[in-house]
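To keep things clear, I will list the structure first and then write my remarks on it.
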Amino acid sequence: MKHFTSVDDIQDLNELIALAKNIKQAPFANKKIGENKILGLLFFNPSLRTRLSTQKAALNLGMDAIVMNLNTEGWALEFEDGVVMDGNKAEHIKEAAQVVSQYCDIIAVRSFPTLTDKEKDEEEQVISAFKKYASVPVISLEGATEHPLQTVADALTIEEYKTVKRPKVVLTWAPHPKALPHAVPNSFIKVMKKADVDFVITHPEGYELNPEFTKGVTIIHNQDEAFADADFIYAKNWSNYMDYGQITCKDPSWTVTADKMKLTNDAKFMHCLPVRRNMIVTDEVLDSEASIVIAEANNRTYAAQAILTKILDHGE
Amino acid sequence: MKHFTSVDDIQDLNELIALAKNIKQAPFANKKIGENKILGLLFFNPSLRTRLSTQKAALNLGMDAIVMNLNTEGWALEFEDGVVMDGNKAEHIKEAAQVVSQYCDIIAVRSFPTLTDKEKDEEEQVISAFKKYASVPVISLEGATEHPLQTVADALTIEEYKTVKRPKVVLTWAPHPKALPHAVPNSFIKVMKKADVDFVITHPEGYELNPEFTKGVTIIHNQDEAFADADFIYAKNWSNYMDYGQITCKDPSWTVTADKMKLTNDAKFMHCLPVRRNMIVTDEVLDSEASIVIAEANNRTYAAQAILTKILDHGE
Amino acid sequence: MKHFTSVDDIQDLNELIALAKNIKQAPFANKKIGENKILGLLFFNPSLRTRLSTQKAALNLGMDAIVMNLNTEGWALEFEDGVVMDGNKAEHIKEAAQVVSQYCDIIAVRSFPTLTDKEKDEEEQVISAFKKYASVPVISLEGATEHPLQTVADALTIEEYKTVKRPKVVLTWAPHPKALPHAVPNSFIKVMKKADVDFVITHPEGYELNPEFTKGVTIIHNQDEAFADADFIYAKNWSNYMDYGQITCKDPSWTVTADKMKLTNDAKFMHCLPVRRNMIVTDEVLDSEASIVIAEANNRTYAAQAILTKILDHGE
């Protein structure tokens, strides 16, 4: 594996999940592989799980991790080509990406979408520029359109908790007070298409995601109907994609409640976190045995460690 | 030791101080104990000594330390139960504490008091929530009402510098331009009650601390009288406790001066730092041989290392 | 070497460059030297290259590196003596420097000039205070008047890329939208005076640097004339020194262009970065084979590692 910025960079999902499971059994077994290597974690946005779990994954492999909040600790970056840099941007991404490549063996970057400039977001301006100019592998810590590290953890979690060979997995939209990105649902959809699951998406009409991602997936606008016989409920808010970045629905009837969970086949409840309690999901569900959100967060470490292992083991 | 968030968590002060003294003699002697373990340091407030000394203590024990400024680098946290999270708080402490517990073997937290909401402060809302929801040990890096790591360093320093078996220790209030917390004096009082010292508190009338802490301690409102024959002067400002969080006195006659120090038995001068020069204490005193504030700061490392050792050695 | 805050701290430039070249050949060969030692990196200003390369240098030597953004993560520092500290400054540099010395084996500090108070800047108020009060070695990560770590990397880069025994090196001013410090040109001039090069400075009239630095150096106000037969073009903006900290020229004819480079002896283009594209230098030059700015940035690691090695090997 060279870069890891999209679910598309996974060649064999089953093999990757198997690797992550093995790592989870013996997380310190491979500490030589990262010796004298540095993972640079560059954040343009807040992070808790990704920041901690990816550092832990690097340490587990014997790497050193250096974290930078680029906006506040470094220089404002210019991403446009050919510009006369006479404004507020002190450094061009061309130099920044090449320079960081001199100091770090792998560069990991978090850069959320603007949610105002659809074209720029879909180009993955920041992550793409790092891939273009860096001379070392680049990992996405959540880009504008995908969050593939989260998704590997999700797939590992479903693999661990499934009780039938081919579980029914439902991705459900839920209300939220702020406009959120599409990265998590996009990557989740991509990975569910590769997995041996019966996959359904449910959301209010008008909340269709980018059809490039959802093509071929069953979409049901009646949440109750979608929940029937589900083995996993994966809740997530996203802002409107067609009316880009807007909030056009806050319907509280889409909140995942205990009554809704009764429609399922004793489904497990999943969410990438952070989660808004009593908006996305009620306390009752989140505090019940059905919720596996903490185990899911724990798997972030092993997902990241599997990806780092594959990159360090290049050739694969 | 499980958690360490209060002086009350110390079972045997003498044994702890003896451990810290041993560690100071050979700080790298126990580097296996922390191998493959991560200390997470979570800051809601500024820090210099605590931040550096606790990281150093972890490194000395072979641990890795990961630092996060939660306010700026993570998500705003909700601490109330049952809330519909439709405001600015993105994550509930229930998830945050459990999640951090997946990545860190010990969680250390700094969270200052509001100084406006006495009830919330006395509940130690933040530290208590971490203790309640985390699945790993929690250390206070200064909470709303106690700063026990500072106090262990103070006790170690007094042990090292005392020239009589039972020294007289005076905690004196001193003026300050800003409203300061009660955590340092509270913890210092608790530890002095356990130590073999003659302990006196002096402060202006009306500046009584929480009587739960001062119960049984001699309080003198005449600073000169209190200083007579003292072996240690421990200066500290705190804001008014009864008129909660207010500054009702800035009387410069309470500043510790060279003349005041002459009333003592060649006392050593102590302060937790940072210290406001010529407010709390004059340059003359702070720059004199009597001042042991730097040695006291140095002992922060060994205090933290003793606490980490006891937590890693659980069973004790 | 005790401190390293100026090019003047280099006793033997050739020997230092030879050491850096050796380190570059085998960067992990000396990992025992830093064992159980901590480098504290204290930033008052943004940094990318310095922050990452100095951390990497420390890790390569087996040290641990602890980074603090003092302005936002610590306490506001007072630098004046004898002050009654009743304002916004919570801690005096006297305590801060001594305290950090308890936790770190070497202290590295970045503190840019005010560009408004020439006297304070020329006193190197912050770096000088750390040197005065710290009990451990102090390294400049760029002070008000010098950036010696950059300059060691520059000298190493010239040594690596020169094709004649005594190359011609031209330091040229170039336009910039913001008022920039003099630290990089000052240190570069100092080191070029020690190196076996034919050294020329070119800048618009009125943009003279501090004559203490430029004394004895050829200064030419005609950039084309200066570029003739040059082997290295080192571009850098600085604000006006005489009209202190002001921008009195933005003349775009001083931008380094491909046509200008044709006047040289196939010169290499150097810059400390970050660089404003199409202000300092055109895309065409920066993206050409002549540009060695990335190699120059890479050498920051080995320059820092050579300095850390000399400090850890004290006696030298």
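The values are calculated or read from the model by the stated rules, or taken from the named source; none is laboratory data. Source: prediction; values computed, not measured. All Cβ positions, glycine included, derive from the backbone under ideal geometry; neighbour counts span all protein chains shown.
Could you tell me which residue of the stretch A:94-110 is nearest to B:Glu73 (Cα to Cα), considering only residues that are of a type in the set (A, V, I, L, M) and more than 8 Å from every other protein chain (Cβ to nearest Cβ)?
First pass over the stretch A:94-110, keeping only residues of a type in the set (A, V, I, L, M): A:96-97, A:99-100, A:106-109.
Next, only the ones that are more than 8 Å from every other protein chain (Cβ to nearest Cβ) stay: A:97, A:106-109.
Numbers: A:Ala97: 22, A:Ile106: 21, A:Ile107: 19, A:Ala108: 16, A:Val109: 14 Å.
Going through the qualifying residues, I end up with A:Val109.
Specify the residue that is surrounded by the fewest Cβ atoms within 10 Å (Cβ to Cβ); the eligible residues are those in the stretch B:262-316 that are under 19 Å from C:Val83 (Cβ atoms) and acidic (Asp, Glu). Once the filter is applied, the top-ranked residue is B:Asp287. In the set (1) at positive phi; (2) touching a residue at least 24 places away in the same chain (Cβ under 8 Å), C:Ile233 fails one condition alone, (1).
For the stretch C:63-114, taking the residues that are assigned to a helix (DSSP H, G or I) and of a type in the set (Asp, Glu), the one that is nearest to B:Thr282 (Cα to Cα) is identified as C:Glu95.
Please determine, by comparing only the residues of the stretch A:1-31 that are among the charged types (D, E, K, R) and free of Cβ contacts under 8 Å to residues at least 12 places away in the same chain, which one is surrounded by the most Cβ atoms within 10 Å (Cβ to Cβ). Taking the candidates together, the pick is A:Glu15. Scanning the stretch B:23-38 turns up no residue that is more than 14 Å from chain A (Cβ to nearest Cβ) and on the phi > 0 side of the Ramachandran plot. Report yes if some residue within the stretch A:199-207 is among the aromatic types (Phe, Trp, Tyr), buried (at least 20 other Cβ atoms within 10 Å of the Cβ), within 19 Å of A:Arg276 (Cβ to Cβ) and in contact with a helix residue (DSSP H, G or I) (Cβ under 6 Å, 6 or more places away or on another chain); otherwise report no. No, that holds for no residue. A residue that is touching a Ser or Thr at 6+ places or on another chain (Cβ under 6 Å) and either farther than 26 Å from C:Val152 by Cβ or at pLDDT below 95 (or both) occurs nowhere in the stretch C:283-305. So is B:Ala174 touching a helix residue (DSSP H, G or I) at 6+ places or on another chain (Cβ under 6 Å) and among the small types (Gly, Ala, Ser) or not? The answer is yes for B:Ala174. With respect to C:Val152, is the statement that it is farther than 25 Å from C:Asp313 by Cβ, among the β-branched types (Val, Ile, Thr) and either part of a strand (DSSP E or B) or at pLDDT 95 or above (or both) true? When the stated conditions are applied, C:Val152 does not pass them. Among the residues of the stretch A:130-153, those identified as over 21 Å from A:Lys310 (Cα atoms) and buried (at least 22 other Cβ atoms within 10 Å of the Cβ) are A:Ala144, A:Thr145.
Taking the criterion of being without any contact (Cβ under 8 Å) to a residue 12 or more places away in the chain, within 14 Å of chain B (Cβ to nearest Cβ), part of a loop (DSSP other than H, G, I, E, B) and touching a helix residue (DSSP H, G or I) at 6+ places or on another chain (Cβ under 8 Å), would at least one residue in the stretch C:41-51 satisfy it? Looking for residues that are without any contact (Cβ under 8 Å) to a residue 12 or more places away in the chain, within 14 Å of chain B (Cβ to nearest Cβ), part of a loop (DSSP other than H, G, I, E, B) and touching a helix residue (DSSP H, G or I) at 6+ places or on another chain (Cβ under 8 Å), one finds none in the stretch C:41-51, hence no. C:Ile127 meets the conditions (1) among the hydrophobic types (A, V, I, L, M, F, W, C); (2) assigned to a helix (DSSP H, G or I); (3) surrounded by fewer than 24 Cβ atoms within 10 Å (Cβ to Cβ) in every case but one. The failed one is (3). Under the condition of being under 19 Å from B:Phe213 (Cβ atoms) and crowded, with 16+ Cβ neighbours inside 10 Å, the residues counted in the stretch B:226-249 number 12. Sub-7 Å Cβ pairs linking a first residue in the stretch C:256-274 that is touching a residue at least 60 places away in the same chain (Cβ under 8 Å) to a second residue that is of a type in the set (Lys, Arg), at least 6 apart or interchain, are C:Cys272/C:Lys236; C:Leu273/C:Arg49, ordered by first then second residue.
Inside the stretch C:251-316, counting only helices (runs of 4 or more DSSP H) that do not spill past its ends, which hold 3 or more residues that are hydroxyl-bearing (Ser, Thr, Tyr) and under 29 Å from C:Lys32 (Cβ atoms)? Please lay out each step first, then the result.
Details: elements: C:258-262, C:283-286, C:293-312.
Per the criteria, C:293-312.
A:Leu59 meets all of the listed conditions (1) assigned to a helix (DSSP H, G or I); (2) on the phi > 0 side of the Ramachandran plot but one, namely (2). If the condition is being under 18 Å from B:Ile220 (Cβ atoms) and either of a type in the set (A, V, I, L, M, F, W, C) or outside the structural domain of B:Lys268 (by TED's automatic domain parsing) (or both), then the stretch B:172-197 contributes B:Trp173, B:Ala174, B:Phe188, B:Ile189, B:Met192, B:Val197. Anything in the stretch B:64-93 that is more than 8 Å from every other protein chain (Cβ to nearest Cβ), crowded, with 19+ Cβ neighbours inside 10 Å and more than 24 Å from A:Leu42 (Cα to Cα)? List them, or say none. B:Ile93 - this is the single residue of the stretch B:64-93 that is more than 8 Å from every other protein chain (Cβ to nearest Cβ), crowded, with 19+ Cβ neighbours inside 10 Å and more than 24 Å from A:Leu42 (Cα to Cα). Against the criterion of being more than 24 Å from A:Met85 (Cα to Cα), surrounded by 16 or more Cβ atoms within 10 Å (Cβ to Cβ) and of a type outside the set (S, T, N, Q), C:Lys168 qualifies. For residues that are in contact with a Pro (Cβ under 9 Å, 6 or more places away or on another chain) and facing chain A (nearest Cβ under 10 Å), scanning just the stretch C:279-311, find the one that is nearest to C:Val7 (Cα to Cα). Per the stated criteria, the residue is C:Thr301.
Give the residues of the stretch C:21-40 that are within 30 Å of B:Leu52 (Cα to Cα) and not in a loop (DSSP other than H, G, I, E, B), sorted by residue number.
First, pick out the residues of the stretch C:21-40 that are within 30 Å of B:Leu52 (Cα to Cα): C:23, C:27-40.
The answer is C:Ile23, C:Ile38, C:Leu39, C:Gly40.
Filtered by the rule that a residue be under 21 Å from A:Ala144 (Cα atoms) and in contact with a strand residue (DSSP E or B) (Cβ under 6 Å, 6 or more places away or on another chain), the stretch A:204-224 gives a lone residue, A:Tyr207.
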